[in-house]
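The values are calculated or read from the model by the stated rules, or taken from the named source; none is laboratory data. A quick note: this is a predicted structure, and the numbers were derived from the prediction, not measured. Cβ placement follows ideal geometry from the backbone for every residue including glycine, while neighbour counts extend to all protein chains displayed.
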Amino acid sequence: MTTILFMVSVALLLSVSFVGFYFWALSSGQYDDLETPAHRMLKDEGKKNEKLN
Amino acid sequence: MSTCTYCQSSFYGQSLFCCQSCKLLSNWLEGGVAPLNKLNSVSAKWLKYNQLVLESTFNSSIGITEKKFKFYIGGLQCSSCVHLLEDFSNYFPDVIYSKLNYSSRTLETTSKISSSLGTICEAIEQLGYEPTPIKESADYEMARTHENRDDLKRLGVAAAIAGNLMLFSIPVYVGLEGPLAFIFNWISFFIFLPLLFYVAVPFYKKSWGSLLVRRINVDTMIVVALWTGFALSTYNLLQNFGQIYFDSTASFIFLIVATRYWLKRQQDKLIHKNIFSDLFTNEIYEVKSEVRLPAHTLFLSLYQIKKEHLLVIKQNQLIPCDGELISKTAEFDLSFLTGEAFPQVKLRGEKVRAGSRLVSALCDFHCKTEAIDSELSQALAKLEIEHESKSEIQTLSDLISHRLTLVVFSLAAVFFAFTYRYLGIEAFQRCLALITIACPCAVAFGTPLAHSLGLKKALRKGYFIKSSAVFEKLSHIKKIIFDKTGTLTLPQLSLVEIFPPNLCNEYKSVILGLENASLHPVALTLKALWKEMPTASIEKVTEVAGQGVEANYSGHLYQLSKAYSDEAHEIMQVDFFVDQLKVASLSFEEKVKPEAALVISKFNQLYFKTMMLTGDIRHRALAVAKSVGIKFENVYFEQSLISKQMLVKKENPCLFVGDGLNDVAALSEAYVSFAIQGAFESTLQVSDIYAPKKNLSSLLEIIDWSHKIHQTVKTNLAFALFYNLAGGACALLGFINPLVAAVLMPISSALIIAHTTWRLR
């Protein structure tokens, strides 16, 4: 019983923290543009930096 | 299909790279020059943007150390475009930071205070894109972002609640009892509260708004189902007896919130705000002098133009406000205002309306109003209001939800009143089972789902549809009214006769030279027809407005002048003179689009009443009607803008098919309007469906698609009605308790989702 209650508390805390993270991601604008980041992540930083230096 | 050598994406074409960015980046990485190694001089096109007065209207920075500009970027193709434009500062030191939004095709730049807008535009253009500086209201942008985030917050919370409630409900469903079941149920109660007091707030607002005008909408029913589920579950929880329905109610609300958000995102992509400013987005005007200031030249954007300004209007530029012509003569294309294909000549002192396009060379223009006060701006503003109010029609879904709600609640109330004496609390439970199972999931999310899938697929096919209500409205249509010029006929003229037929190439070359700079329909037709022919390089061509053009070339005087317009036969004749001696004549006429007759015959076979509406004279109108197969009694000719609008109003519900903003009044008045060309956002604002790059056959396709969507919605509704009827009867007879009803409700939802996605796959 105690173990279950402990696990339930942890599950609830995790849920609340996930919702909290989701709100933080929203307010920092991470969901404002859902298309560009998918392209941005493909950028080859190594090649570019090598070239710039 | 080819594969891009650099980014590996597939594209149509035979080249090695899918876009300019891939080519530039590939060359650079292979040891070539940087994408923007050296900025060439700024072209005249962008130079005017460097003027401080004009630049300040686009600069959104409030600081004094930097400038912030926003651009609409044309020509984005793949990930390389994102990389190239976001690395802009590396190639162009004036820019400190740049951020691209691929979804909205916009680029935001922060640049040094010493930078200038025109130079940045030039740099972007040299990278291979088409920049358009834009100025958007910061408040509007902020409000949109805030609204989107708010919707996503509610959606996220609804998802979290529905998911977590399932976790705590499943053990109870499979037989958990005792103190642990009691604790789990209380946890479910507390998890449910944010749904009730946060997620459901928009439902309360919409429901209240509807009740204020004495109507019940689907939100009212959702609110009642939500609160009934909550009240009975809480009552059972407090009594520690009976079933708990928090999980099924939460799942139901989550599905509704999710489908509504999806539909809203689909529609948001197509909705814009101001038609008038959209129309003049790229127009920059040269102000010659101001009445109270010493003469000087400056460039202004649309809303900076004041009354009494003297403007120098360039060829192909739109007149921004109402005023008078100062030059001796000028020729204007009024097709935007009147639909008339042939340009009109205006003389000094004559009134010229905003929206007229200058066809001849430069002219001086005296502003008598500000842009916002022009007749065109006022008319468009009025139309926007009318168009918004017109969309509030009662759709089939509204009707069903309204009646179903009334029937279900009345039935539950009557049942409870008559059976409470005999059944006690059981009567309440049966009523609750009825309300739960009869909740209109087909209306609440089956219809939005069908509509959003319909919009998405239509967009993929090249149709920009303003609102999903169009699908339902199209199914009511039995009359189709066509505009003539540009809709049933081709926008360009057709050369029907050359006399002498064997006109020598030398003369053709001279004619092309005379017409080289002209935008007159005759010039455009000849340039398209004789595109293989060399053009004589004639330096100075004099335009005689309303008459034609003339020039001295190789020791001869060449003239090209309009002879007469045979209106009865749609013929326009142009004569060619050498040293004032007529050597040739060219005859032009409007041609009917090749597919027009077939499309109209198909509509006639399907028992649609086809009609034609035009500002043209009787002879031309009847000739076109005859060639496409429209009955003469259904042809309305010599109509003004107002009479066109009145006629469409009289014929409603009808589908009006026009070729853009020259039919603005009729498009706006029609029950459903279909535009096949015109400026994108402004045309979309006044028309329900906009299909650029499509021909008239697309009408058949979109009507067929609308019928399919409408059929899907109707099948969903019929299924839901049958399901609710059978379930409701079982509930009232006591065969179904509220728990079973709560389980059956999501099953019907799942069936509706599966049916909708299968039908519209």
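Are any of the residues in segment B:351-370 closer than 30 Å to B:Ser467 by Cα, in contact with a helix residue (DSSP H, G or I) (Cβ under 8 Å, 6 or more places away or on another chain), surrounded by 18 or more Cβ atoms within 10 Å (Cβ to Cβ) and at pLDDT below 75? No, every residue in segment B:351-370 fails to be closer than 30 Å to B:Ser467 by Cα, in contact with a helix residue (DSSP H, G or I) (Cβ under 8 Å, 6 or more places away or on another chain), surrounded by 18 or more Cβ atoms within 10 Å (Cβ to Cβ) and at pLDDT below 75.
Restricting attention to segment B:445-472 and to residues that are among the basic types (Lys, Arg) and within 14 Å of B:Ile709 (Cα to Cα), the residue that is modelled with the lowest pLDDT turns out to be B:Lys456.
Could you look through segment B:58-70, keep only residues that are in contact with a helix residue (DSSP H, G or I) (Cβ under 7 Å, 6 or more places away or on another chain) and buried (at least 16 other Cβ atoms within 10 Å of the Cβ), and pick out the one that is nearest to the other protein chains (Cβ to nearest Cβ)? The extreme case among them is B:Phe69. Screening segment B:101-117 for residues that are within 29 Å of the chain's Cα centre (by Cα) and modelled with pLDDT of 85 or more and picking the one that is farthest from A:Leu34 (Cα to Cα) gives B:Leu117.
In segment B:207-216 there is no residue that is among the basic types (Lys, Arg), in a helix (DSSP H, G or I) and more than 14 Å from chain A (Cβ to nearest Cβ). Condition first: in a loop (DSSP other than H, G, I, E, B) and surrounded by fewer than 18 Cβ atoms within 10 Å (Cβ to Cβ). Now tell me which residues in segment B:634-651 satisfy that. Residues satisfying the conditions are B:Glu638, B:Ser640. Taking residues in segment B:346-374 that are aromatic (Phe, Trp, Tyr), and partners anywhere that are in a strand (DSSP E or B), the pairs with Cβ atoms closer than 8 Å and at least 6 places apart or on different chains are B:Phe365/B:Leu310; B:Phe365/B:Leu311; B:Phe365/B:Val312; B:Phe365/B:Ile313; B:Phe365/B:Gly323; B:Phe365/B:Glu324; B:Phe365/B:Leu325; B:Phe365/B:Val352.
Answer yes or no as to whether B:Ile480 is under 30 Å from B:Thr228 (Cα atoms) and not aromatic (Phe, Trp, Tyr). For B:Ile480, the condition - under 30 Å from B:Thr228 (Cα atoms) and not aromatic (Phe, Trp, Tyr) - is not met. Considering only residues in segment B:76-101 that are more than 10 Å from chain A (Cβ to nearest Cβ) and polar (S, T, N, Q), the one that is surrounded by the fewest Cβ atoms within 10 Å (Cβ to Cβ) turns out to be B:Ser89. Condition (residue is modelled with pLDDT of 80 or more, more than 8 Å from chain B (Cβ to nearest Cβ) and not in a helix (DSSP H, G or I)) applied to segment A:9-28: is it met by at least one residue? So far as segment A:9-28 goes, yes, one or more of its residues are modelled with pLDDT of 80 or more, more than 8 Å from chain B (Cβ to nearest Cβ) and not in a helix (DSSP H, G or I). Here B:Ile73 qualifies as within 14 Å of chain A (Cβ to nearest Cβ) and closer than 26 Å to B:Met142 by Cα. Search segment B:165-181 for residues being β-branched (Val, Ile, Thr) and over 21 Å from B:Leu226 (Cβ atoms), and hand back the single one that is surrounded by the fewest Cβ atoms within 10 Å (Cβ to Cβ). So the residue we want is B:Val174.
Would you say B:Tyr198 is modelled with pLDDT of 90 or more, buried (at least 16 other Cβ atoms within 10 Å of the Cβ) and either under 41 Å from the mean Cα position of the chain (by Cα) or under 30 Å from A:Thr2 (Cβ atoms) (or both)? So B:Tyr198 fails the test. B:Phe184 meets the conditions (1) crowded, with 18+ Cβ neighbours inside 10 Å; (2) touching a residue at least 24 places away in the same chain (Cβ under 8 Å) in every case but one. The failed one is (2).
Applying the criterion of at least 3 residues that are at pLDDT 85 or above and assigned by TED's automatic domain parsing to the domain that holds B:Ser698 to the strands (runs of 3 or more DSSP E) found wholly in segment B:568-620 leaves B:609-613.
When the test is whether a residue is within 11 Å of chain A (Cβ to nearest Cβ), among the aliphatic types (A, V, I, L, M) and surrounded by 15 or more Cβ atoms within 10 Å (Cβ to Cβ), B:Ala123 does not pass it. Screening B:Thr395 against (1) under 24 Å from B:Ala720 (Cα atoms); (2) at pLDDT below 80; (3) out of contact with any Asp or Glu (no Cβ under 8 Å at 6 or more places or on another chain) leaves a single unmet condition, (3).
Matching residues to (1) out of contact with any helix residue (DSSP H, G or I) (no Cβ under 7 Å at 6 or more places or on another chain); (2) within 29 Å of B:Val407 (Cα to Cα); (3) in contact (Cβ under 8 Å) with a residue 40 or more places away in the chain; (4) within 11 Å of another protein chain (Cβ to nearest Cβ):
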site: B:Gly163; (1), (2), (3), (4): yes, no, no, yes
site: B:Val174; (1), (2), (3), (4): yes, no, no, no
site: B:Phe189; (1), (2), (3), (4): no, no, yes, no
site: B:Leu196; (1), (2), (3), (4): no, yes, no, no
site: B:Ala200; (1), (2), (3), (4): no, yes, yes, no
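Close Cβ contacts (under 6 Å, 6 or more residues apart or on different chains) running from residues in segment B:481-506 that are under 30 Å from B:Ala665 (Cα atoms) to residues that are of a type outside the set (Gly, Ala, Ser) and surrounded by fewer than 15 Cβ atoms within 10 Å (Cβ to Cβ) are absent.
Within segment B:139-170, the set of residues being among the acidic types (Asp, Glu) and modelled with pLDDT of 90 or more comprises B:Asp150, B:Asp151.
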